[in-house]
Every structure is written in C-alpha cells, then in structure tokens.
Amino acid sequence: MALTIVHHPGYTINLPVNHPFPMEKFRVLRQLLGEQPLACPVEWLMPEPAPISTLARVHTHDYLNALIQGTLDRAAQRRSGFTWSPELVERVRLETGGTLLTLEAALTNGVACNSAGGTHHAHADAASGYCLINDLAVAAAQALARGWAERVLIVDCDVHQGDGTARLFTGVPGVFTFSMHAAGNFPARKASSDLDIALPDGMSDDAYLAELASRLPGILAAYQPDVVLYDAGVDVHQEDRLGYLALSSDGLYARDHYVLRCCRDADIPVAAVIGGGYDRNIIALAQRHAQLHRAAADVLTS
C-alpha cells in the first residue's frame, strides 16, 4: 500500500528577505521526502485551489471578497503576518485545496498527509498569525456538507492553541475540537475548544506523551468520529524559536505515530497536516516536519 502525500510547488512563494515566516520549508520538505525512502511507496497528489464557495462555508463573504480582491486594510494585513499579493491568495487557496484532497484520500485509504496546512488561527472574518484561510475548518465543513462524515474530530497538537478553529465550531455538534498547546504561548486570548489541554512551559517527551495518551483514546471512544483531522505542528520542538515546549525529534515521531496508530487501530480515517514550525535552519525544520510522513508510512505498513 502506498502513502498518499499531497503537495504543490505553489505552497512556496517568494517573500521579502528576512521575513519571519519560513516559506521555503514546504519546498525543502518535498525534496527531503523525495530523497529519503519511507516504509512504503508514496503516491503524490497535486491539489487545485479551493473554490471560493467551499471557503465560504466557514469564512464570511466580506472577508473573502477583501482577501481575494486585495482590499484588506493595513491593520488586517499586519494581523495576518503577510503583505497582500495575488500570489499569497493563490498559495493559501492551494494549501486549503491540499487539505481537502488529503481528506478525500484519507477517507479512501485510511491515512493521508498534506505537506502544508494547519492554518488554525484564521477566523470567520479575519486572518491571524500567518493564517488567512482555516484549512482545517474548511475540510471539516466539507466533510459534513458532502455527507462524508457526521462527526469530525480535529486533533490539534500545534504548540499554539487552535483558536480560530475553536471559535468557528463553537456549538457545532458535528465537529469536536481538541487542542493540546503551551498555556503561555500565542494567542494571548484563548478560545474555548471542546477540550483544551494547556501545558506548562518546558514540557518534554515523556510528560507530553503521557498527557496525550491520557486523553486521546477516551475522546475517540466517547465521540466516535467518522474522520480525524490531525494538526502535527512541530513548533513543540525544543529548538523551535516560537515554541515554549521541549520535545525532541524522537518525541515528535512518537507523538505522530501514537496519534495515527490510535486512529488506525480504531478504524478511523485520519488526514494529517504539518502545522507550525519556525526555525531559520530550514533543513532542520523540514526534517522535523518529515517525521509525520515517516510515522504515517510506518503506521500504514504495520
């Protein structure tokens, strides 16, 4: 069996020199995954940009119009972390299309991965924290609207709380949001997920994995989701410049393998995205993100 990984060269666009967002990581991750053999063959899929009508399931028409037409004001652009450009809009639509395609592949094959995604700070009417479109929310809404699932579980293990996702699905019984994040990290004003696990600064592998193991099986058993969307942010790594936790690279692999294994054992399809990761050493950062795909291949073949 092959592991489906979704990628598009358009995930990487040019940014100004010294921009803090590590845009090159998507290109380097694709290169690494092509060079380093996984436990099974890889089926590479290329997404189309997500249709505006699909984005409108979770984002307001006014916000989408401003985003597409380039009329976001300076404060809105500053909040997003990016200066608006047509290339940026195309990129976020491709990334969201990638998560939608990853969802479809997971429903068919059991496990699938995007090589981008996890833009969980985007709100219905605003961008925030390098997130312009909430790809996780768009995918969850698509699963419900198409009748592919009645219950979607979002497992968010990025170091930052998935505040946009939480607010978008407050009071929506078809989506359960679970965020396990550093308590003191961005955003300052947290939302209320269906389950929030706020972790102390400096938590390392064993304590983190024990916390995850104490929560995830119970959620799967109680909620019984039809599909899981997994945000495998690597900004929990001890060397991440925006993360307050202290996982090792082996800890990242163990976390991802555990989440995917739990879903696989419960016969629940899981679509995974790479989430956040911020390191000026792009090769080291891409290697951390590649742990997700390595774990997925190992789970798929075990």
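Table: residues versus (1) polar (S, T, N, Q); (2) touching a Ser or Thr at 6+ places or on another chain (Cβ under 6 Å); (3) open to solvent by 20 Å² or more (accessible area, probe 1.4 Å).
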position: A210; (1), (2), (3): no, no, yes
position: V227; (1), (2), (3): no, no, no
position: A290; (1), (2), (3): no, no, no
position: S302; (1), (2), (3): yes, no, yes
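For the structure I just gave you, tell me whether G98 is surrounded by 14 or more Cβ atoms within 10 Å (Cβ to Cβ) and on the phi > 0 side of the Ramachandran plot. Considered against the rule, which asks whether it is surrounded by 14 or more Cβ atoms within 10 Å (Cβ to Cβ) and on the phi > 0 side of the Ramachandran plot, G98 comes out as no.
Of the helices (runs of 4 or more DSSP H) lying entirely inside the range 59-126, those containing at least 2 residues that are within 16 Å of the chain's Cα centre (by Cα) are 86-109. For the range 57-81, filtering for residues that are under 12 Å from I133 (Cβ atoms) and open to solvent by less than 30 Å² (accessible area, probe 1.4 Å) leaves 6. Whether any residue in the range 167-177 is at pLDDT 95 or above, farther than 23 Å from Q291 by Cα, in contact with a Leu (Cβ under 7 Å, 6 or more places away or on another chain) and part of a helix (DSSP H, G or I) is what I want to check. No, because not a single residue in the range 167-177 is at pLDDT 95 or above, farther than 23 Å from Q291 by Cα, in contact with a Leu (Cβ under 7 Å, 6 or more places away or on another chain) and part of a helix (DSSP H, G or I).
Does A112 satisfy the criteria of being out of contact with any strand residue (DSSP E or B) (no Cβ under 6 Å at 6 or more places or on another chain), small (G, A, S) and at pLDDT 95 or above? So A112 does not fit the description; no. Within the range 163-179, the set of residues being of a type outside the set (V, I, T) and within 18 Å of A145 (Cα to Cα) comprises L168, F169, G171, P173, G174, F176. Selection over the range 137-163 of residues that are open to solvent by less than 10 Å² (accessible area, probe 1.4 Å) and within 19 Å of V236 (Cα to Cα) gives a count of 9. Kindly establish whether L103 is surrounded by fewer than 22 Cβ atoms within 10 Å (Cβ to Cβ) and not aromatic (F, W, Y). So L103 fails the test.
The values are calculated or read from the model by the stated rules, or taken from the named source; none is laboratory data. Source: prediction; values computed, not measured. Note that each Cβ is placed from the backbone with ideal geometry, even for glycine, and that neighbours are counted across all protein chains shown. Heads up: the accessible areas ignore ligands, DNA and RNA and are worked out on the full protein's heavy atoms, side chains in. Shrake-Rupley method; radii C 1.70, N 1.55, O 1.52, S 1.80 Å.
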